[in-house]
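Each remark here refers to the structure printed beneath this line.
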Amino acid sequence: MSEGPEQRKRPLSPRLSIYRWQPAMIASLAHRASGLILVLFVPLYLWLLHGMTGSPDHFEQVQAWLHSGLGKFSLWLAGISLFYHFCNGLRFLSIDAGWCESRRILRLSARIVIGAALVASVLLAVMF
Amino acid sequence: MGGIPTNRFGEVVYNGPEGERSCAGLYAIGEAACVSVHGANRLGGNSLLEIIVFGRACGNQVMKRLKQHRYHPALDKDCWQKGVERVESWLGELNRSGGSDCNIANIRLRMQTIMQEHFSVYRTDEVMREGVQRLETLAAELPEARLSDGNRIFNTELIEAMELENLMSLARVTAAGALARIESRGAHARDDYPDRDDTVWMKHTLASIRDEHVKLDYKPVRVRPMTVESFPPRKRVY
Amino acid sequence: MSEMIALSVFRYDPEQGDKPAMQAYKVPMSKPGMKLLDALNYIKWELDGSLTYRRSCGEGVCGSDGLNINGVNGLACITPIAGLKQPIHVRPLPSMQVIRDLVVDMDHFFDQYRQIQPWLKTETPTPEHERLQSPEQRAELDGSYECILCGCCTTSCPSWWWNGDRFLGPAALLQANRWIVDSRDEAMGERLDQLEDSFRLYRCHQIMNCMEACPKELNPTAAIDNIKRKILARKS
Amino acid sequence: MKLVKDPGSARSGFKDWYLQRLSAVVLAVLLPLPLALLVMVYTGQVDQFGLLDIIDHFVSRLLHTLLIIALIIHAYMGLKVMIEDYVPIIGWRVSLIGAMLVVMSGFGIWWLAIIWAWGG
């Protein structure tokens, strides 16, 4: 079917801007976001590892940076990203395996991982 | 169960001068059709018979006919005009003054109300006679109805208007047929004629609208099954 | 005077070609248990005959009036007004070409349904009577056969928004699974071959908007995962 | 009716999906270990010699290698899907995925070099 000129002009109905965020959708997007943060954390980690396995001077520098504000924040961010990615990853794996596939459990588990990540982020912030 | 009369192959039939003729290539099945196998009531399981038996029979008949007739005869080159005229008559008279009582939804609601008040489950001659009158008056108003939407793309108000025209015709023939049938049968329950009368009324009502008037005709019910013995109809009791 | 309901409805007039805009309406609460479709009908029949939307059975069976209601997809005819925050934002199904107002072009959606070949495929000769199923085999179809193809799930799926040209979407995949789990169908291998593609099937990232949107309370996510497991079982 | 031109399946979906899950399982087991190490260094429970002792151990090197491979696979699959979702133009998609692969391989080699102390 060839598309007439009127058809090509048809507007696209709004989507992301109007769709209401629901726990499962947040859980999925947060999985992506946390994964992305973890990937970005890899070069930082390598830089740290490089420093820690280098000379004692290097080690001290890394220690000092880790205890700086930026260092603490990076660790915190990577920590909760990993925690969330880990928890939701287990959730995804169990769903793939077909264990927790009822509508109720899917909703509940999304709430649980998001809630757990929020609690963990606060705890982590307090601990550092 | 009413509908477009068909034979057992799903082909639409009509009464010509030489008796019943089938209209080649025109089919009706399901809720639209009346093969003359159901009783006067619309029972839940009837649709299964329509789907499983007559749906298949009709499909087979369509295939058979298409194998014999690969091409349809040339269409009359003006055949589209009636349809277009019908649409244009609605769209063309868009801004005609008619008052708020003359919109589609209002007339439809009034039609539904008349059918509800005068042709509901238990009926009498007096009530139905008044109903037919009210309905005919309303039907005469229908040409005055107007659309508020003149858009030519996906105009659902236009569709509703055309549906209303069809519904109005159906309401009129239903009402006239019910008034004329002086007995009780199936879903047609009359307080003034509570009994079934098989000697006179075991027949289908054939209704048509000609020159703005409802015309009624009748044809016999098929009572002879093809492969098993026939059994005489009996009164249904609860 | 009865209670008034505030609505904000998506309007687009293809003849004017203007940008779509939201239009406000006020509708009286006419009866307890009033549904959103009743409000739309009131607008069309009493206030503004040009408002355009699809509707048919009015009881959640035909799947014509799938809409985005306050940000979530659902059927107008079975969505009670009472539970909705006002003004009720009514928009067409997301990420679809708008024909007019709330009416969208469903062609691509049904093309995708057609792509999964939604009919019984068999190799064995047709038996003299029916192809019988045990009650357990029949029960496998629960959760799939109820789908009315309203499009609420597919158009709620972000993966389908981004890659709808290639990702089949929840509705088509739920139906694909319906034939895969059908004991009478003999083309599971062929069906899985057709689906095993990083876009057609594996674009599902378990966002589960489909499940939240489904007016028949089905679970397309689980159906998609079941197809993935069938492919996994075949490979390992 | 719109004719659907059906080029058939690319048959690549399962492999990607499976590798991502497989690497996820490996990561779920192994990834907490280096993190724990980092935390211990941060809190001062482990000093540099202790850290080097742990890292230089043969088992640690093996596990690290496994971890790195799994991480690269997992991250590559994840980022690829993200790029495919959010970058609609095919040319950009392919370029970005390729660039991402190069960068990640670079990180992998760097990491391996640290763990196995090449040239160190």
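Since every read-out is calculated from the coordinates, none of them should be taken as a lab result. Computed from a predicted model, the values in this text were never measured in an experiment. With ideal geometry, Cβ positions are generated from the backbone for all residues, glycine too; neighbour counts draw on all protein chains shown.
Values computed for the structure shown
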{"read-out": "Cβ-defined net charge surrounding A:Arg32, 13 Å radius [Lys, Arg +1; Asp, Glu -1]", "value": "-1"}
{"read-out": "Residues D:Leu101 and B:Lys67, FRET efficiency given R0 of 45 Å [Cβ-Cβ distance, rounded to 0.05]", "value": "0.15"}
{"read-out": "Ranked list, fewest to most other Cβ atoms within 10 Å of each Cβ, for C:Cys157, C:Cys57, B:Cys34, C:Cys77", "value": "C:Cys57, B:Cys34, C:Cys77, C:Cys157"}
{"read-out": "Helix A:69-96 vs. chain A, principal-axis angle (Cα, 0 to 90°, nearest 10)", "value": "50 degrees"}
{"read-out": "Orphan Cys of chain C, criterion: no other Cys C-beta under 4.7 Å", "value": "C:Cys77, C:Cys147, C:Cys150, C:Cys152, C:Cys157, C:Cys204, C:Cys214"}
{"read-out": "Relative contact order (%) - chain C, alpha-carbon pairs under 8 angstrom, separation at least six", "value": "18 percent"}
{"read-out": "Under the span-like rule (Cα at least 20 Å along the axis, Kyte-Doolittle mean at least -1.0), DSSP H helices of chain C", "value": "C:220-235"}
{"read-out": "Contour minus Cα-Cα distance for B:Thr199 and B:Asn60 (0.36 nm per residue)", "value": "46.4 nm"}
{"read-out": "Relative contact order (%) - criterion: Cα under 8 Å, at least six apart; region: chain D", "value": "29 percent"}
{"read-out": "Other-chain or far-sequence residues with amide H under 5 Å of B:Arg185's (modelled H)", "value": "B:Arg190"}
{"read-out": "Net charge, B:Asp192 excluded, C-beta distance under 9 Å - Lys, Arg +1, Asp, Glu -1", "value": "-1"}
{"read-out": "Gyration tensor (alpha-carbon) shape descriptor, region D:14-120, a/c threshold 1.5", "value": "prolate"}
{"read-out": "Alpha-carbon centroid distance for the pair region A:39-63 / region C:157-236, whole angstrom", "value": "45 Å"}
{"read-out": "Residue mean of other protein chain beta carbons inside 10 Å, C:46-56", "value": "4"}
{"read-out": "Most mobile listed residue (B:Glu163, B:Glu20, B:Glu136) in chain B, GNM with C-alpha springs under 10 Å", "value": "B:Glu20"}
{"read-out": "Inter-chain shielding of C:9-15 (mean C-beta neighbours from other protein chains, 10 Å cut-off)", "value": "3"}
{"read-out": "Two-site label geometry, C:Asp193 and C:Ala6: point separation in nm, points 7 Å out along Cα→Cβ", "value": "5.9 nm"}
{"read-out": "Residues whose placed amide H lies under 5 Å from that of C:His205, excluding near-sequence neighbours", "value": "none"}
{"read-out": "Cut-off 11 Å (backbone N to label point 7 Å along Cα→Cβ of C:Thr124), residues of region C:132-147", "value": "C:132-133"}
{"read-out": "Furthest towards positive pole of dipole, C:Ile224, C:Leu174, C:Cys150, structure part region C:107-235, Cβ charges", "value": "C:Ile224"}
{"read-out": "B:Lys219, B:Lys64 arranged by Cβ crowding within 10 Å, fewest neighbours leading", "value": "B:Lys64, B:Lys219"}
{"read-out": "Contact order normalised by residue count of chain B, Cα under 8 Å, 6+ apart, percent", "value": "15 percent"}
{"read-out": "Cβ-based net charge around D:Ile115, under 11 Å, with every Lys or Arg adding one and every Asp or Glu removing one", "value": "0"}
